[in-house]
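The values are calculated or read from the model by the stated rules, or taken from the named source; none is laboratory data. The model shown is predicted, which means the values in this text are computed figures rather than measured ones. Here the Cβ is made from the backbone with ideal geometry for all residues, glycine too, and neighbour counts use every protein chain on show. When the accessible area is computed, the model is the full protein with side chains, heavy atoms only, and any ligands, DNA or RNA have been set aside. Shrake-Rupley method; radii C 1.70, N 1.55, O 1.52, S 1.80 Å.
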Amino acid sequence: MRTVGRLPAKFVPRKKLRTKPANINYHRVALIHGEPEHKIDEFMLYSDEEEEEEEQECDEEENARDGGGYIALGGIPHHPSHTHHVPRRKQSFAQKYLPLSRNFADYVLTRSRGCGRLEHQQINEEFGTRHMLATGMFKERPIPLNRINKVFCSQWLSDHQIAMGTKCNKLMVYDVNTRQMDIIPSLLSSDLHRPPEQQCGIHSIEVNPSRTLLATGAFCSNDIAVYRLPTLDPVCVGEKAHSDWIFDMCWLDDQFLVSGSRDTRLALWRVDEDLEGPRENTTLPNYGHIKAVRVKKCNGAEKVRAVIFNPNYVEIVALSLNAYLHVWDANRFVQKMSRKLPHAMENVCLTRKEDSSLYAVGSKSHTTLLDPRTLHYVRKVNARITGCGIRSVSFHGDILTIGTGVGAIMFYDMRAGKYMESTMNSGRAVVLKSTKGWVSADDQYHDVFHNVEYTPAIYTHCYDWSGMRLFTAGGPLPASLKGNYAALWC
């Protein structure tokens with residue numbers, strides 16, 4: 001972009017490659033070959049004024065070849081009334097070379113000054129991520145979680161806070177700057193509510209579009225809890241809609257929320273920020289209890305595992321463990337269609353691209369990319385590790401990030417149609433390998449990992465707004481084992 005100030009350090013002025021005839025009154029002669037060529041750098045900066053100047057020079061040469069001042073081979077001029085060429089006024093250096101900067105600091109400085117408010121400016125959100133991945137700049141910084149059991153979900157709340165939910169039913173917020181972990185109290189349901197037979201923790205954390213509300217699991221795994229951001233004050237508990245664990249949820253807008261459960265039902269909730277509960281104890285935070293606006297069974301589904309919302313088509317898409325995608329009309333909350341997925345084993349994660357132009361479903365050994373208009377698969381991305389069990393997928397621009405069950409994070413380039421390769425090691429794919437974290441080494445651990453190296457599963461991962469920091473978390477893949485893993489890659 002154009003900035004006001006000095007030229008960039010690597011600015012290269014454009015050289016004129018054409019040569020002018022020394023005198024227009026002589027016979028036409030061929031150009032002398034063998035002149036030293038101008039050295040061209042790997043990156044050149046040009047301006048519009050230079051191209052206009054070059055076009056004018058080309059026009060002048062064409063006019064001269066047509067007889068405008070040149071003498072033909074026979075010695076008779078074509079235009080006797082030709083006037084001599086008048087040299088144009090020489091432009092200043094500032095007029096000839098507009099200072100173009102590709103320095104990110106110049107962009108931020110110009111934006112802070114307000115110089116670019118009249119023109120459209122946009123940052124390529126994945127440029128920094130691509131550069132850091134290709135050059136191996138991402139370094140793992142483990143986050144100790146003590147004896148917490150398995151991190152299932154996570155979200156960036158700000159540039160220094162990460163919220164995560166665990167299998168032991170704890171909602172925690174980690175501060176990147178101070179490296180402190182805060183545990184947010186879980187919200188209780190009413191006395192008349194019936195809890196599930198067995199608790200299974202928090203599987204989903206979702207923030208509404210305006211980033212004023214956070215929805216997650218309540219103390220009972222079949223209820224939802226809503227907190228106010230950024231203070232994390234309790235707002236309400238949604239109950240009496242599901243009889244089994246809630247696996248995922250998604251916001252339709254700032255007020256309406258959809259949850260999907262293991263009981264094959266979808267529930268539509270309406271959250272009012274001004275809701276207040278009965279003031280029984282003024283010393284404790286006050287919150288109310290709400291019921292779902294509508295609860296419907298997802299036909300053809302077996303345990304709804306993931307739910308996303310497509311704002312372009314105003315559709316809710318649900319993924320079930322029997323390898324089906326189910327499309328719902330968000331306006332009427334009715335099911336429209338279901339389609340069988342090409343891979344039947346362990347379809348547990350679902351995501352969409354930022355512009356809602358593509359869906360991605362993770363299975364045991366593949367990531368299936370689907371067209372949202374027809375749900376036909378566009379491409380099948382084979383995992384580099386067969387049978388690794390894909391547990392989390394996300395889009396960051398044209399980079400598809402894949403978290404596996406063996407502690408490896410892989411990156412697929414959508415534009416190139418292949419896994420990203422390192423520029424440091426030619427031909428080698430970019431893979432981030434996690435450390436072990438903590439695992440309870442009991443008898444079951446030795447039975448499962450006898451003579452086999454233990455690696456945690458990456459149940460969740462998320463980028464910050466800049467794409468320069470990646471949070472990954474998880475734990476042991478077998479359900480019977482206890483352990484945790486969390487790290488910040490930056």
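Given Lys303/Lys336; Lys240/Lys303; Lys170/Lys336, which pairs have Cα atoms separated by over 24 Å?
Over 24 Å apart, Cα to Cα: Lys170/Lys336.
Set the Förster radius R0 to 30 Å, insert the Cβ-Cβ distance between Asp182 and Glu140 as r into 1/(1 + (r/R0)^6), and round the FRET efficiency to 0.05.
The value I calculate is 0.85.
Starting from region 328-369, pick out the trypsin sites (Lys or Arg not before Pro) whose DSSP state is loop and whose Cβ has at most 15 other Cβ atoms within 10 Å.
Here the trypsin sites (Lys or Arg not before Pro) that fit, given the DSSP loop and packing criteria, are Arg332.
Out of all DSSP beta bridges with both ends in region 229-358, state the antiparallel percent to the nearest 5.
Restricted to region 229-358, the bridges split so that about 90 percent are antiparallel.
Which value, in debye to the nearest 20, gives the size of the charge dipole of region 408-490 about its Cα centre, when Lys and Arg are +1 and Asp and Glu are -1 at the Cβ?
340 debye
Kindly write out, for region 407-418 in residue order, the coupling ³J(HN,Hα) from the Karplus curve 6.51 cos²θ - 1.76 cosθ + 1.60 (θ = phi - 60°), rounded to whole Hz, with x marking Gly and Pro.
For region 407-418, the Karplus-derived couplings read x, 10, 10, 10, 10, 10, 8, 5, 6, 7, x, 7 Hz, x marking Gly and Pro.
Pop a pseudo-label 7 angstrom from the Cα along the beta-carbon direction at both Ser426 and Val293 and give the gap in nm to one decimal.
In this crude label model, Ser426 to Val293 measures out at 5.9 nm.
Under a 5 Å amide H to amide H cut-off, with H placed in plane at 1.01 Å, what residues pair with Ser363 once short-range neighbours are removed?
Result for Ser363 returns Thr368, Ile390.
Over region 197-341, give the accessible area per residue in Å² for a 1.4 Å probe, as an integer.
That works out to 44 Å² per residue.
Going by average Cβ neighbours within 10 Å, how do the peptides 159-171, 473-485 rank, with the highest at the top?
473-485, 159-171
Once both labels are modelled 7 Å past Cα along the beta-carbon direction, what's the Asp442-Glu197 spacing in nm?
2.1 nm
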